[in-house]
1. Please give the average number of partner chain Cβ atoms lying within 10 Å of the Cβ of each residue in C:2-15, rounded to a whole number.
2. Provide, for q = 0.13, 0.16 Å⁻¹, the log10 of I(q)/I(0) from a solvent-free Debye sum over equal Cα point scatterers in region B:230-330.
3. How many angstrom lie between the C-alpha centres of region B:246-294 and region B:186-235?
4. With the Cα gyration tensor of region A:9-162 in hand, convert its eigenvalues to equivalent ellipsoid semi-axes via √(5λ) and list them largest first in whole Å.
5. What's the magnitude of the charge dipole for chain C around its Cα centre, counting Lys and Arg as +1 and Asp and Glu as -1 at the beta-carbon? Answer in Debye, nearest 20.
6. For a quick check: sort B:VAL530, B:VAL704 by the number of other beta carbons within 10 angstrom, fewest at the front.
7. Can you find, among B:VAL376, B:GLY529, B:ASN746, the residue sitting farthest towards the positive end of the charge dipole of the protein assembly as shown, where Lys and Arg contribute +1 and Asp and Glu -1 at Cβ?
8. To make sure I understand the rule: partners must be aspartates and glutamates, Cα under 15 Å from the Cα of A:LYS162, and not fewer than 8 residues away in the same chain. Which ones qualify?
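Values quoted throughout were computed directly from the atomic coordinates according to the rules given, and no laboratory measurement underlies them. Computed from a prediction, not measured in an experiment: that's the story for all the values here. Positions of Cβ are backbone-derived with ideal geometry, glycine not excepted, and every protein chain shown enters the neighbour counts.
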Amino acid sequence: MRDNLLRMAKMRFPILLVVNGEEHELEIDPRRTLLQTLREELELGGTHLGCDSGDCGACTVLLDGEPAPSCLVLAADCDGRAIVTVEGLLQNGEPHAVQKALVAQGGIQCGYCTPGIVVSSVALLRANPNPNEAEVREAIAGNLCRCTGYQKIVEAVLAAAK
Amino acid sequence: MSDATKPPNGSGSQSPGIIGKRVPKLDALDKATGRAQYGHDVTLPGMLVGKILYANVPHARIVSVDIARAQKLRGVRAVITGANNPGRKFGYGTDNTPLKGDKVRCRRDEVAAVAAVDEDTANEALELIRVEYDELPAVFDPRAALVEGAPKIHHDKPSNLFTRYDYSHGDAERAFDSADVVVEGDFDLPYVTHSAMETAFCLAAFDLQGHLTVWSTTQIPFLLQRDLSEALGIPGREIRVIQPTIGGSFGRGLDVYPFEPITVQLAQATGKPVRISFSRTEEFFASAHRQPAIVRMRSAARHDGTLWAREARLVLDAGAYISWGAVTPLVMMETVASLYRVPHAKFVADVVYTNNLPTGAMRGYGNPQSTFFTEVQMDELAEKLGMDPVEFRLKNANQPNEETPQGLKITSCGLRECITEAAQRIGWESRAATDERRFETDEPHVRRGVGIACTLNVGGGARIYRSDGCGATVKVDDFGRVTLVTGSTEIGQGSETALAQIVAEAMGVRLEDVTVINSDTSVKPWDVGVHASRTTFIAGNAAWRAAQDAKRQILAHAAQMLNVSADALEIGDRIVRVKDDGRQVAFDKVVRALHYREGGTFVIGTGWYDPPTQLVDKDTYKGNISAAFGFGAQAVEVLVDMETGKVRVLRLVAAHDVGRAINPMYCEGQIEGGVQMGVGYALTEELLVRDGQILNPTFLDYRVPTALDMPEIETVLIETADPEGPFGAKGVGEMGGTPTAAAIANAIFDATGVRLRRLPMTGERVLAAIIKGESNAASQTEP
Amino acid sequence: MKPFEFFKPATIGDASKILADYGREGRALAGGTDLLIRMKRGQWTPRAVVSLNRIAALRAMEMNGELQLGARVTLGEIIRSAEARGQFPVLARTASKMAGVQVRSLATVGGNLCNASPSADMAPPLIALGARADIAGRDHERILPLEDFFVGPGQNALVPGEILRAIFIPRPADGFFCSYVKLEHREAMDIAIAGVAVSAQLAKSAAEIRNCLDVRIVLGAVAPVPRRAKRAEEILRGNDLTRERIQEAARLAASEAQPIDDVRGSAWYRRQMIEVLTRRQLLALMTAPL
């Protein structure tokens, strides 16, 4: 039985991932999460492992435009889907307004939650360019931060919306 | 002419340049764009994954460990057990070994470890290890552990009592007899945990000469070097510790953990680099959490509103092994004995071994605990005196330039200003004016309340180790780049940027021309570690000295080049110029000129700072542990649902005496982040432990406040220009979370008339207290 | 995670066939927000994981007389859908209080129901709305009242090979109100300590008096399965809503709860919260706009 399982583990599942606009044809172990695949196969280290159970938001990416925890998605299940990571938010090397505002307003301390916060906030501003404070807090409620008390993050996202 | 050995303290200085500016952290853009390299991002060629098998029985003799099947699994490179231990003990209590050979004393005890080609294989190997235990009676209540005949945790220790702290000043016993009002109560404080967003990690690699390099999330790189040496018998000079970007720590990294020597042992056994990264679950059960405390406390005052006496007796559950967390009573007693003027005080704390998980220190180092029970009783005293809580606190507040009976030499002190600001901004006056405000809510079952609490913290280092020092060098290269190499450690708090500001200011160079190196023990000078809110103060003073030294070297040579005395020169905008006539030479040219000549030299300044403080006396615990003290007051407004007990914090004002804000943005950030930990401690965070097992090892059920749970925080920085601090700055790292829980408890009392003495104050506990209608009963239990 | 075979069929028929073949060793994957956590923790070790995410039919959300809510519709899609917001605001509101935005992009209504957690938030309001489960098997279909879909903690009425295809929700008549309120420790990313859904078909019996033609009170997180408080419903059904009657119904609802102690709350507190949450929602109906 175990041998059988091990043989199956070696099975590879072919997928096409579109990450930050680039197509990647991969053969992956079906057990791999999107998070592992981004970090280990595609070397996109900006997406962070925080809890591996969807409770902290550090691994948030845009999945077909929606913010989602990449630790709760099997890469094999993402065939053909468009994924944007924190690295993909720079345009011509220029950081996104949310990234600039977090830098300027002191919304970053240890920075481990920051990529997730950035991705969630960009998704918010795309759907709602003029959010109020409550809407910003709602949008990042799934992103735990242990350093900032959220105060300066919220201020930064509101500033980025202006 | 000011004292050349000390940076200016900012009082009366004009045009402060880069000091006091809200400049972004040096690494902020890298972090915002996902480029920063954390421990989990570091990989080495051939690196293996290490995994640990934990006992998951609380107390047992190890009969046998069978690793044969695990060793045979394809992809496994090493399996080690307690038999591989080097045979010596490590840790603050000299009571721990990497793997456990003879017996296990708590569920987290490390019994075996595996190195394998990948995580799945390592996990599979763990499942193949068979351990046979002979279970022993276990004890989980520290009070029971002190009783004669209780199961003994360490057979080579005289008893389960690791140590007792017994402090007093004045005559507390008799003072209670002569007091006019006395309040008394039992407090119950839970396990809570740091919850850094990045879990702990260790990567160990040997080179062919046998030199060991360890990449680590530690807060104490030089002590880790020493601790690993002790634990493994590897000479410290062979050990190099590198700290990548660290994703928060909050006290987690103050001790060496068994997994660190285990990682090294696996690297030794395999000849390959080995990494152990904690999973979140491991982080929840294998970190050294803030220890729970059982507290009996009483406080007394005189009719005129003079605070008269305090007595606190604590039992602290250290768990199965002693960490630096055992030293937190030193800080707790400071609150009891020295927050406000206290003529009589007594503090007794027993640190006790149990079969619970080992505990440690967390941001505040005992102070959030002691400030909770001390400040709740301040409120109770005020109530009993019929005095306004703000007035009562102002009347007894610490003042500048006084020595407390404990021997704390308070220099700068803005406690009164903090209280006044916090009270005014939360609307305290209207609080006194009318009772109806309690009912001014949208719903009939909701009450409104406000509360306040204060804090006293070390702000000029804390001498809990023989040295409280830090070294620094400042090098200037021949293109004018200034590199500060500091012994201190950045764990996200922003000290690196504050230090760069101090160097830029001291030398007169641009901030953008300053680089900070702080991540490698083979490069940086010694430092005791990042703790006790000490880095800006201690490392800042060291950096300032090194910068002054480098500046002196540059000016001395520029003086020769310009044929004036060095006193006549100043540095600014990448040039050195004569103040009077404007003649100038490029800053980088001076440096080049120093070494492009016969008998030349280079520019490197050095600085060492160890504050003028003392270790406390080992018998009386008196002495001035810190070179400066930070103060703060927090005022909160809450809503309490009287039918569900649920508390909502609407607003929080945090007024803190920071001496001088080198970078106000990150001073505020430290306070605001501290407030979040305080709100969590007050309302939602509790690691539930039953029979030594954690019941809620996930972020789903260990409830760190989310953005929706946090109030709007108004932070007020009170600047008192400390005479010893760099540019007047005092430490600010911990005090943001210290008074929060007490302020919230006091606001709940204002809203509901019930006192909560158990944390966290969940809806269930608040409702139970409301139902019980107990406002003054000594202890509180659920119906 | 233990090794497994991964399938991603395009039709319900194929999915059903694979799941039937693997029996108890097969697991359907929709949003994955529960399944993957259990697999990572080793609680579930399926040999086959069958993704339902290629099956377009499961993603439909249509109004034809009643709302057909595809099982694979995400909580985020419910919040954004015009149908839910217009006709079934309780569903949008309930979804918007679950987890956080990020998890709601993945989590599906079908997943929430099939996991059959006692605290599943979608269950009480859907039961209160009179929803039915549309189930497709390998060669059969069946429709089950949603309240009969839950068998025990983590157990639903599906047999191997069956897939929850959609939820059918009757279109509300004028004078129909439905709400769901839960109590949590945090304002987001949390699990209900207790939750109560109330639905009522109201009529004016006098100027300011509301008569309760029909009513459902559904309790969450206080019993092995979402549970209707039928005795509480009974004393309200057909009667005018008065404060006294509401107090009594709330007390009855609390007595019908079967709560346990766990890391989120004690049984006594949960029972008491059922009374509070039930009473508050019923009191709000006294002034419901008719």
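1. On the way: counts 8, 13, 7, 6, 10, 3, 7, 0, 0, 0, 0, 0, 0, 0.
Across C:2-15, the average partner-chain Cβ count within 10 Å equals 4.
2. Scattering profile of region B:230-330, log10 relative to I(0): -0.69, -0.90.
3. After rounding, the separation between the Cα centres reads 6 Å.
4. Working: eigenvalues 159, 48, 33 Å².
Working through the eigenvalues yields semi-axes of 28, 15, 13 Å.
5. Values: 40 positive and 31 negative charges, 111 e Å.
For chain C, the charge dipole is close to 540 debye.
6. Values: B:VAL530 28, B:VAL704 23.
Going from sparsest to densest Cβ surroundings: B:VAL704, B:VAL530.
7. About the Cα centre, the residue reaching furthest to the positive side is B:GLY529.
8. Straight-distance partners of A:LYS162: A:GLU133, A:GLU135.
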